[in-house]
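Visitor: This structure is in C-alpha cells; I'll ask about it shortly.
Nothing in this text is a laboratory measurement; each read-out follows from the coordinates by a stated rule. Because the structure is a prediction, the values reported are computed rather than measured. Note that each Cβ is placed from the backbone with ideal geometry, even for glycine, and that neighbours are counted across all protein chains shown.
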Amino acid sequence: MKELALEIIKRLKEEYPDAGCTLEYDDAWKLLVSVRLAAQCTDARVNVVVEELYKKYPDVQALAEADVDEIEEIVRPCGLGRSKARDISACMKILKDEYGGKVPDDFDKLLKLPGVGRKSANLIMGDVFGKPAIVTDTHCIRLVNRMGLVDGIKEPKKVEMALWKLIPPEEGSDFCHRLVYHGREVCTARTKPFCDRCCLKDICKKEGV
C-alpha cells in the first residue's frame, strides 16, 4: 500500500508541479478567516468576498473589534453568514488577547479556536508553518477511496489517520493540494470521472467509479 501511495504522489507531482492552496492570503490570520468562510462555499467566491472584508478591517485588531452584524453583512454571500461571522469575531478576539495578534503554530491550540476543525488546523500547519499536514477535505476523501489508499472510510479523521501511515510527512500538505486539483479537473464528483485522461488510470483501484 505504501508503494502505491508513493507512486500516486510521484505522478500527481509530475501532473501538478505547482499545486498550492487555492485560497488567497498574505498573512496567517487571513487564511484562518478564509478557511472558515470556505465551509460549503467555493474558494473562488471566498477570495472575492474577503477583499471587501480586509479593506474594511485590515488587521486582527480591527476585525476583533468589529461588530458581528457588520462582519455578517460582508460574508453573507459565502453562506451560513451568522455562524461564520460569530466564529471569525471570536477567533480574532482570542488571537488579539492571547497570542498578540499572531496565529499559533501549534495544532492543539489551533483546534481550540472557534470554528477551527482538524481540516483547517492541518491546512494552516502545512501552508503557513511548513509543518507535516494532511487536509482531508471532500476531494481528498473521495479520491483516496477511489484510488484504493483507504477502503470505504468516509470519516475525515479516520481518513487522516490512515493517510499518516502511508504518506511521508513532508509530502502530506502538497499531496492534498494536488488531490484538490485532480478532483476538480479529472476525478470529478458530479460527473463520471475522466478516467481516460487520468495519470493514475493504470494503478487506480476503482477506475470509472
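Visitor: Could you tell me which Cys residues in the chain have no other cysteine's Cβ under 4.7 Å from their own Cβ, answering none if every one has a partner?
Guide: 21, 91, 140, 176, 187, 195, 198, 199, 204
Visitor: Which lysines, on any chain, are close to residue 158 with Cα under 19 Å apart, when same-chain ones fewer than 8 places away are left out?
Guide: Once the sequence-local lysines are set aside, what remains near residue 158 is 2, 119.
Visitor: Gaussian network model of the chain, Cα springs within a sub-10 Å range: biggest mean-square fluctuation belongs to which of 37, 80, 143?
Guide: 80
Visitor: Further question on the same structure: Based on the Cβ-Cβ distance of residue 70 and residue 206, what FRET efficiency does E = 1/(1 + (r/R0)^6) give at R0 = 45 Å, to the nearest 0.05? Let's see the in-between values first.
Guide: Working: r = 47 Å, r/R0 = 1.05.
Result of the calculation: an efficiency of 0.45.
Visitor: What is the gain in length, in nm to one decimal, between residue 112 and residue 86 on full extension, counting 0.36 nm per residue of separation less the C-alpha to C-alpha distance? Numbers along the way, then the final one.
Guide: On the way: separation 26, 0.36 × 26 = 9.36 nm, distance 1.50 nm.
Length gained, residue 112 through residue 86: 7.9 nm.
Visitor: Between residue 185 and residue 27, what FRET efficiency comes out of the Förster formula 1/(1 + (r/R0)^6) with R0 = 35 Å and r the beta carbon distance, rounded to 0.05? It would help to have the intermediate numbers written out before the result.
Guide: Numbers: r = 29 Å, r/R0 = 0.82.
Efficiency at R0 = 35 Å is approximately 0.75.
Visitor: Report the FRET efficiency, 1/(1 + (r/R0)^6), for residue 165 and residue 13, where r is their Cβ-Cβ distance and R0 is 25 Å, rounded to 0.05.
Guide: Numbers: r = 20 Å, r/R0 = 0.80.
With R0 = 25 Å, the Cβ-Cβ based efficiency is 0.80.
Visitor: Give me the angle, in degrees from 0 to 90, between the Cα long axis of helix 28-37 and the longest principal axis of the Cα atoms of the chain, rounded to the nearest 10.
Guide: The angle comes out at about 80 degrees.
Visitor: Round to the nearest 10 and give me the degree value, 0 to 90, for the angle of helix 81-98's Cα axis relative to the longest principal axis of the chain.
Guide: Orientation of helix 81-98: about 70 degrees from the principal axis.
Visitor: Return the whole-Å distance between the Cα centroid of segment 176-209 and the Cα centroid of segment 84-112.
Guide: If you average the Cα positions of each part, the centres end up 36 Å apart.
Visitor: Which of 176, 78, 199 ends up with the largest GNM mean-square fluctuation for the chain, with Cα atoms connected below 10 Å?
Guide: The residue that fluctuates most here is 199.
Visitor: Here is a further query. For helix 118-127, report the angle its Cα long axis makes with the longest principal axis of the Cα atoms of the chain; keep it between 0 and 90° and round to the nearest 10°.
Guide: Tilt of helix 118-127: around 90 degrees.
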